[in-house]
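K.L.:
Quick one: structure below, then a few questions.
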């Protein structure tokens, strides 16, 4: 089976390929010659994931899945949510500063806004949109946890150094990819996606 994962994020590709293993061949946007910055203008994770998948399907007519992931922090009313990847660059609203995927800056802003707030509850949520033969399907994965007061660990990416999942005393960045890829939001959504793909192939 061959599917396009509508991303060029090497971290996401590596995670998904590790989880799916040899059962599914996963191509990146680069692999199919797509160098367009696909717009993500939806108001929900579901809308953004579908937008990316629909773009690839309509342009290339290849079976495709796309994801959108957000970190939702209770004390910040669910922020940064759909803006997680460019959270820091949105501080200067109205400026001409381009949206940035600067993980260090994003974590700095998040920790600053939380301050000493004792409510550190948060969740990572991933939504995959799959389009096969123009039929669309959605798969969601959630992992609950809390935001730490400082960065810990060097593995992973994004907010991993400040997110500690429930049931563990270490952050995602300390746990390492082997454990993270079994319990993470993306892992849970990917497993649902993979189970569906396995079912329709048999």
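K.L.:
Could you please let me know if residue 4 is in a helix (DSSP H, G or I), touching a residue at least 40 places away in the same chain (Cβ under 8 Å) and surrounded by 15 or more Cβ atoms within 10 Å (Cβ to Cβ)?
P.N.:
no
K.L.:
Which helices (runs of 4 or more DSSP H) does segment 103-202 wholly contain that include 2 or more residues that are buried (at least 21 other Cβ atoms within 10 Å of the Cβ)?
P.N.:
It comes to 103-114, 172-175, 185-201.
K.L.:
For the subset of segment 7-26 comprising residues that are assigned to a helix (DSSP H, G or I) and in contact with a strand residue (DSSP E or B) (Cβ under 9 Å, 6 or more places away or on another chain), which member is surrounded by the fewest Cβ atoms within 10 Å (Cβ to Cβ)?
P.N.:
Across segment 7-26, the extreme among qualifying residues is 17.
K.L.:
Kindly indicate the residue of segment 27-49 that is touching a residue at least 24 places away in the same chain (Cβ under 8 Å), over 14 Å from the mean Cα position of the chain (by Cα) and not in a helix (DSSP H, G or I) and also surrounded by the fewest Cβ atoms within 10 Å (Cβ to Cβ) among those meeting that condition.
P.N.:
So, considering only residues that are touching a residue at least 24 places away in the same chain (Cβ under 8 Å), over 14 Å from the mean Cα position of the chain (by Cα) and not in a helix (DSSP H, G or I), the one surrounded by the fewest Cβ atoms within 10 Å (Cβ to Cβ) is 43.
Conditions (1) closer than 27 Å to residue 197 by Cβ; (2) at pLDDT 95 or above, marked per residue:
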site	(1), (2)
52	yes, yes
57	yes, yes
65	yes, yes
76	no, yes
83	no, no
86	no, no
94	no, no
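K.L.:
Let me ask something else. Scan (1) at pLDDT 95 or above; (2) within 19 Å of the chain's Cα centre (by Cα); (3) not in a strand (DSSP E or B) for the single condition residue 100 breaks and write down its number.
P.N.:
Evaluating residue 100 over (1) at pLDDT 95 or above; (2) within 19 Å of the chain's Cα centre (by Cα); (3) not in a strand (DSSP E or B) leaves (1) as the failure.
K.L.:
Tally the residues that are in contact (Cβ under 8 Å) with a residue 12 or more places away in the chain and more than 18 Å from residue 103 (Cα to Cα), restricting the search to segment 134-166.
P.N.:
Residues meeting the conditions: 13.
K.L.:
Return a yes/no flag: does segment 87-101 have any residue that is crowded, with 16+ Cβ neighbours inside 10 Å, in contact with a strand residue (DSSP E or B) (Cβ under 6 Å, 6 or more places away or on another chain) and closer than 24 Å to residue 159 by Cβ.
P.N.:
Looking for residues that are crowded, with 16+ Cβ neighbours inside 10 Å, in contact with a strand residue (DSSP E or B) (Cβ under 6 Å, 6 or more places away or on another chain) and closer than 24 Å to residue 159 by Cβ, one finds at least one in segment 87-101, hence yes.
The values are calculated or read from the model by the stated rules, or taken from the named source; none is laboratory data. Fair warning: this is a prediction, and the values are worked out from it, not measured in the lab. So basically every Cβ, Gly included, is an ideal-geometry build from the backbone, and we count neighbours across all protein chains shown.
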